[in-house]
1. Could you tell me which numbered condition Lys188 fails, if it satisfies all but one of (1) under 28 Å from Gln243 (Cα atoms); (2) part of a helix (DSSP H, G or I)?
2. Could you tell me which residue of region 185-235 is surrounded by the most Cβ atoms within 10 Å (Cβ to Cβ), considering only residues that are of a type in the set (A, V, I, L, M, F, W, C), farther than 20 Å from Tyr306 by Cα and free of Cβ contacts under 8 Å to residues at least 24 places away in the same chain?
3. Grab the helices (runs of 4 or more DSSP H) fully contained in region 31-148, keeping just those with 1 or more residues being of a type in the set (Gly, Ala, Ser) and either in contact with a strand residue (DSSP E or B) (Cβ under 9 Å, 6 or more places away or on another chain) or not assigned by TED's automatic domain parsing to the domain that holds Arg176 (or both).
4. Residue pairs, Cβ under 6 Å, 6 or more apart or interchain, first in region 157-174 and of a type in the set (D, E, K, R), second surrounded by 16 or more Cβ atoms within 10 Å (Cβ to Cβ). List them.
5. Name the single residue that is nearest to Gln84 (Cα to Cα) among those in region 4-17 being crowded, with 17+ Cβ neighbours inside 10 Å and of a type outside the set (S, T, N, Q).
6. Assuming Ser47 fulfils every condition listed in (1) in contact with a Phe, Trp or Tyr (Cβ under 7 Å, 6 or more places away or on another chain); (2) loosely packed, with under 15 Cβ neighbours inside 10 Å apart from one, which condition is it?
Amino acid sequence: MTELENELLALQAEVQTAVGAVKDEAGLEECRAKYLGRKGLLPAMMSKLGSVPKEDKPAVGKTVNAVKQQIQAYLDECASRIHQAAEEKAALDISLPARRHHIGHRHPISLVMDSAVTIFRRMGFTVADGPDLENVWDNFDALNAPQDHPSRTPEDTFYFDLDKRDWLDPETMILRTQTSDVQIRTMKAHKPPVRIVCPGRCYRRDTPDATHGMSFHQIEGLYVDENVSLADLKGTLAEFSRQMFGEKTKIRFRPHFFPFTEPSVECDASCIVCGGAGCRVCKGSGWIEIAGAGLVNPAVFANVGYDVDKVSGFAFGFGLERIAMIRYGINDLRLLYDNDVRFLHQF
């Protein structure tokens, strides 16, 4: 090996060490100029190639090309390393102060729905669900609703395809007006005993005001077994009211009429604002209506194929918006849907 080849290999080792210590592009450019620039060390050595004996020139020339390629490889590898380090620093600068992420607030309807479901789960109920788009039979006919009932008219209910079907046709599709349709679907699919609650969204053609809306939420319950009585219903609603509104809450039943229950009652809870003494919220009565309920009408059992001589049951339904208004002291239902973050932030 000639003296020039030894010098070239020594230069290659020197470049490898020098490039390994480079930290930025300025240092890299300095190395490039020192070793490969016009006045760099490698071009200076290559100028000595003319003094190499003729018989050694092929081997020396091969060494020159190999050393030049290896030095370029060292420089390219260093450039890639510096570029990658710069990208990582731009992507994650641990020296920057942390940014606070603003976490959203749960909607009061969601809070009330989850609380209600939790309470009923503790009493042995399971959650059942069904579609918002329902047929007339499951929503009205199976629940013993008369065909001339005002709630069935197109002025009160959202119907689909009335240009193709009559609104009394059992297969006509509607936006469900209550979650009671889930009770029908569950009874058609399961034999007694049945103990379910059905939370969900409902739709009616109401004019929006402080206490009404076209879209609202309900949670309805159904318990079917042998020897179920009105006393079982009262105990269930009393326990729910105590857990939802407070330990001192009392309930009372008032006679009412619903097509799907017989006897039917409306359930009132003692006012949580005044404790039953009378105030503006309860209109001086000391009571606030919270639910409609009753023993399931035998006609409903017959519609789903249950033996009316063997089973009995109760059903009830709460408006979740009403519970939220009572629980949180909200005086206008529309506040729940205005999406005003100042209002929602309170929950």
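The values are calculated or read from the model by the stated rules, or taken from the named source; none is laboratory data. Bear in mind the structure is a predicted one, so any value in this text is a computation, not a measurement. Cβ atoms come from the backbone with ideal geometry, glycine included; neighbour counts cover every protein chain shown.
1. Going through the list (1) under 28 Å from Gln243 (Cα atoms); (2) part of a helix (DSSP H, G or I), Lys188 breaks only (1).
2. Met214
3. Values: elements: 41-46, 57-91, 108-122, 136-139.
Of the helices (runs of 4 or more DSSP H) lying wholly inside region 31-148, those with at least 1 residues that are of a type in the set (Gly, Ala, Ser) and either in contact with a strand residue (DSSP E or B) (Cβ under 9 Å, 6 or more places away or on another chain) or not assigned by TED's automatic domain parsing to the domain that holds Arg176 (or both) span 41-46, 57-91, 108-122.
4. Between residues of region 157-174 that are of a type in the set (D, E, K, R) and residues that are surrounded by 16 or more Cβ atoms within 10 Å (Cβ to Cβ), the close pairs are Arg165/Thr172; Glu171/Asn135.
5. The initial filter retains those residues of region 4-17 that are crowded, with 17+ Cβ neighbours inside 10 Å, namely 4-5, 8, 11-12, 15.
Next cut, of a type outside the set (S, T, N, Q) only: 4-5, 8, 11, 15.
On the way: Leu4: 36, Glu5: 35, Leu8: 30, Leu11: 27, Val15: 21 Å.
Looking at the filtered set, the residue picked out is Val15.
6. Every condition holds for Ser47 apart from (1).
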